[in-house]
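Engineer: This structure is in structure tokens; I'll ask about it shortly.
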Amino acid sequence: MAVTVSGMKRKYYPIFCASFLGILFIFGLSQGADVRRTSAYERDLLNCINEHRIKNRLSPLRLDPALGRLAKIHSQRMNSSGEISHDNFDDRFRECGRSCCVENVGWNHDDPVAQCKAWERSKDHDKNMLNKQIRRAGLSRAGSYVTFFACD
């Protein structure tokens with residue numbers, strides 16, 4: 001069957017289609033690779049947490065977009081209310097569908113390394129970061145409030 005394309009010569013049509021599909025494929029991969037864009041603060045905080053885990057002979061955590069979304073919602077709520085809290089942790093835990101989750105929240109640390117070190121100095125926060133069961137993490141900062149939500 002012959003295909004007639006108005007305004008385009010038939011011999012260039014396959015090249016055009018292949019190029020167009022290639023661009024769509026590459027664009028799709030770049031968008032799918034990181035659904036939720038992380039800020040430099042969040043990336044640096046995860047790097048600090050991972051360095052701490054590695055020093056303690058634990059595997060590094062990787063970012064999970066679904067956990068990042070839950071962390072973002074919580075950080076935004078804390079920022080809106082002006083109060084640091086773990087409110088609705090059980091809801092976040094249920095929504096993610098995991099069997100083990102931990103959460104650290106922070107406030108007023110402009111430097112992600114300072115936030116990480118503050119958590120390291122806190123027995124319970126440090127225990128969360130060094131939990132052997134967790135493998136994935138979501139981090140988010142809204143205003144001065146930060147949430148680290150990590151699960152198996």
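The values are calculated or read from the model by the stated rules, or taken from the named source; none is laboratory data. Predicted model only: the values in this text are computed from it and were never measured. Because the Cβ atoms are built from the backbone with ideal geometry, glycine has one as well, and the counts that use them run over all protein chains shown. To get the accessible areas, we keep the full protein, side chains included, count just its heavy atoms, and leave off ligands, DNA and RNA. Shrake-Rupley method; radii C 1.70, N 1.55, O 1.52, S 1.80 Å.
Engineer: Six or more apart or on different chains, Cβ under 8 Å: which pairs go from a residue in the stretch 107-126 that's over 16 Å from Ala142 (Cα atoms) to one that's not β-branched (Val, Ile, Thr) and not in a helix (DSSP H, G or I)? Could you list them?
Structural biologist: What qualifies is Ala118/Gly106; Ala118/His109; Trp119/Asn104; Trp119/Gly106; Trp119/Phe148; His125/Asn104.
Engineer: In the stretch 48-71, which residues are open to solvent by less than 90 Å² (accessible area, probe 1.4 Å), in a helix (DSSP H, G or I) and either in contact with an Asp or Glu (Cβ under 9 Å, 6 or more places away or on another chain) or under 20 Å from Ala142 (Cβ atoms) (or both)?
Structural biologist: Cys48, Ile49, His52, Pro65, Ala66, Leu67, Gly68, Leu70, Ala71
Engineer: Still on this model: Of the residues that sit in the stretch 72-91 and are under 19 Å from Asp124 (Cα atoms) and assigned to a helix (DSSP H, G or I), which one is least open to solvent (accessible area, probe 1.4 Å)?
Structural biologist: Phe89
Engineer: Let me ask another. Are any residues in the stretch 125-143 more than 18 Å from the chain's Cα centre (by Cα) and under 19 Å from His109 (Cα atoms), and if so, which ones?
Structural biologist: Scanning the stretch 125-143 gives His125, Asp126.
Engineer: Could you list, in sequence order, the residues of the stretch 107-150 that are charged (D, E, K, R) and outside any helix (DSSP H, G or I)?
Structural biologist: The answer is Asp110, Asp111, Lys132, Arg135, Arg136, Arg141.
Engineer: Another one. Kindly evaluate Val146 against the criterion of being in contact with a helix residue (DSSP H, G or I) (Cβ under 9 Å, 6 or more places away or on another chain), surrounded by fewer than 15 Cβ atoms within 10 Å (Cβ to Cβ) and touching a residue at least 40 places away in the same chain (Cβ under 8 Å).
Structural biologist: It is false that Val146 is in contact with a helix residue (DSSP H, G or I) (Cβ under 9 Å, 6 or more places away or on another chain), surrounded by fewer than 15 Cβ atoms within 10 Å (Cβ to Cβ) and touching a residue at least 40 places away in the same chain (Cβ under 8 Å).
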